[in-house]
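To start, the structure under review is shown below, and the notes come after it.
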Amino acid sequence: MLKRIIVSSSSALLLALSVQAAEAASFRMTYATTTHSVPSKGLKTDGAAAKAEPDKSDRVTITLTANRGQVESKSGKFIVDYVTRRTYLLAPADKTYTDASIFAIVAFRHFEIINRKMLSTLLAKALGKTQSMMDPVYAECELNMRMPETATGTLIQENTAGDKTTFTYQMNTLASFKQSATEVPAKYRNAFAKTLLLNSDVNLHPVVHEAIDKCGHVPQELSAHNEGAMISDQNWKLIECGESEDELKIPDDYKKITAPYDPLKEIYPLYANSKKISNAEALKAAKKYMADGHDFDAFLTIMQLILTCDEDLSDLKGLMKELPEKDAASHDYMELGESQNKEEALKICEKAIALKAKATDKAFVLDVFEAVERNKAGQPDKAKELYLNVLKHDPHMTGPYVDLGNMLMREYNTAGAWNCFDLAKENCPTIMNLEQVKELEGMLMTEHPEYFKL
């Protein structure tokens, strides 16, 4: 049964308690929301002045457990697991869901806010002013994130009168919230703060987030003003809140699907139904290739292992030295080098293609080398095609996941990038290729600890 607080239209709180035999599994808050949006001055679409959007109304329910948060609205359900650092987007209409890393969300916001900061600085120098969508304060509101090395908090005035706190910026009300009499139970406080941050249904400046978290009470009313391409005003009013029995699990009849941004759709089942090559298997296979007169395939088998894991290669050192000395193709592979410009990259690609003709069933390993150079030559689509071809042949080669993830990162596809990184970490968490990924994750946790603290 639900221990519930109902909020009447007059904002008076009526407490209705029912006895529970067991401890509640979660805490739930339901809000009626409205959003009013008009175009920023001068904004045009297709050459004509942009039109105001119809007001939007919704019913948003935030549910919390100690380590999970869920936001449910007309658009679906969004669940975050703060222990595994995964997010799940559920589509109740067709009973499907997709998942992504919290790092993907934080990384996208981080890089976007850095870009906004650079553009804001350039516009200020060129025009003597900054457009609102580039204004650091409004950018921080839109992205629910503090801009590194920017003390925007000092530009916002905070005023509390009774149970209402108001935040102003440049003579405009930036946000306000009114406390209810209900405290967020201590065991849900951390999840509450992070769920508000990750929730894209409301855009609040970090200063406002911190004040709500410090207050510790369920907001009875919440308003947010933001100026970007559109000028929007959001208003939330609490309908009810209280403990519930929802455990925030994905229903058993929901099917996981691959999101459009994820290039690994065909790779996942191959990965799940195979295993990575071991030292012993690689040594056995290499010796078999040599016995059959395929020295280059033996050499490529060792390269395949190197790109898969970081195991001790002492058993293979003899072959690694012997094969390039006795086999011309293996020697030519070692001499390919790395390009310094587009012209060199295309020449190396030609040499790699020529070498593939000298291999049999291990020719796909050379696709990794060609993919690196195709990307350097400004052919990212071809590079992705080559990486995916490698993974179809061996879905446990860790290196291609990292390289593909880095390419997606540069394209702002952080969700697809981290799916690649996470599979690489699952396959071989200690491989050297992942060091930069670990450094990036460490940077995000240092710059934005509010998203990760347990």
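Magnitude of the charge dipole for the chain, about its Cα centre and with charges confined to Cβ atoms of Lys, Arg (+1) and Asp, Glu (-1), is about 900 debye. Under 14 Å from the Cβ of THR446, count the other residues' Cβ atoms, weight Lys and Arg +1, Asp and Glu -1, and hand me the total. Neighbour charge sum, excluding THR446 itself: -2. Ranked for footprinting exposure by Cβ neighbours inside 10 Å, fewest first, MET171, MET445 give MET171, MET445. Between the amide H of LEU174 and those of PHE167, THR168, TYR169, distances stay under 5 Å, these residues lying 5 or more places away or on another chain, with hydrogens modeled in the peptide plane. Along the axis of the charge dipole computed for the chain (Cβ charges of +1 for Lys and Arg, -1 for Asp and Glu, origin at the Cα centre), the listed residues SER57, MET230, ALA91 are led at the positive end by SER57. When each full DSSP H helix of the chain is screened for a Cα extent of at least 15 Å along its own axis and an average Kyte-Doolittle hydropathy of at least -1.0, the helices passing are 102-127, 279-291, 295-306, 342-356, 365-376, 380-393, 398-410, 414-427, 435-447. Protection proxy ranking, highest mean first, for peptides 412-423, 238-249: 412-423, 238-249, where packing is the per-residue count of other beta-carbon atoms within 10 Å, averaged. Charge tally for TYR138 (other residues, Cβ to Cβ under 10 Å; Lys, Arg +1; Asp, Glu -1): -3. Taken about its Cα centre, the range 267-451 carries a charge dipole of roughly 460 debye when the Cβ of each Lys and Arg holds +1 and the Cβ of each Asp and Glu holds -1. Under a 5 Å amide H cut-off, with hydrogens placed 1.01 Å from N, SER244 pairs with ALA25, SER26, PHE27, ARG28 among residues at least 5 apart or on other chains. Compute the Cα gyration tensor for the range 76-223, then decide on rounded, prolate or oblate, letting a ≥ b ≥ c be the square roots of its eigenvalues: rounded whenever a/c is under 1.5, prolate when a/b is larger than b/c in the other cases, and oblate in all that remain. Oblate shape, in that a/c is at least 1.5 and b/c is the bigger or equal ratio.
Per-residue ellipticity at 222 nm from helix content only, as computed over the chain with -39500 (n - 2.57) for each DSSP H run of at least four residues, stands at -12500 deg cm²/dmol.
Among HIS36, HIS225, sorting on how many other beta-carbon atoms sit within 10 Å of each Cβ, with the fewest leading, yields HIS36, HIS225.
Cross-link partners of LYS255 among aspartates and glutamates, defined as those whose alpha carbon lies under 12 angstrom from its own and excluding same-chain residues fewer than eight positions apart: ASP94, ASP99. Using the Karplus relation 6.51 cos²θ - 1.76 cosθ + 1.60 with θ = phi - 60°, the per-residue 3J(HN,Hα) values for the range 151-164 come to 8, 5, x, 6, 8, 9, 9, 10, 9, 10, 10, x, 9, 10 Hz, with x marking Gly and Pro. The HN-Hα couplings worked out from phi for the range 329-341 by the Karplus form 6.51 cos²θ - 1.76 cosθ + 1.60 (θ = phi - 60°) are 5, 5, 5, 5, 4, 5, 8, 4, x, 10, 7, 10, 7 Hz, whole numbers, x standing for Gly and Pro. For the listed residue pairs LYS77/LYS249; LYS194/LYS265; LYS287/LYS362; LYS164/LYS194; LYS74/LYS265; LYS256/LYS384, the alpha carbons are over 19 angstrom apart in LYS194/LYS265; LYS164/LYS194; LYS74/LYS265; LYS256/LYS384.
Throughout, read-outs are computed from the coordinates displayed, never taken from laboratory work. Being a predicted model, the structure only gives us computed values, none of them experimental. Cβ coordinates were reconstructed from backbone atoms using ideal geometry, including for glycine residues, and neighbour counts include every protein chain displayed.
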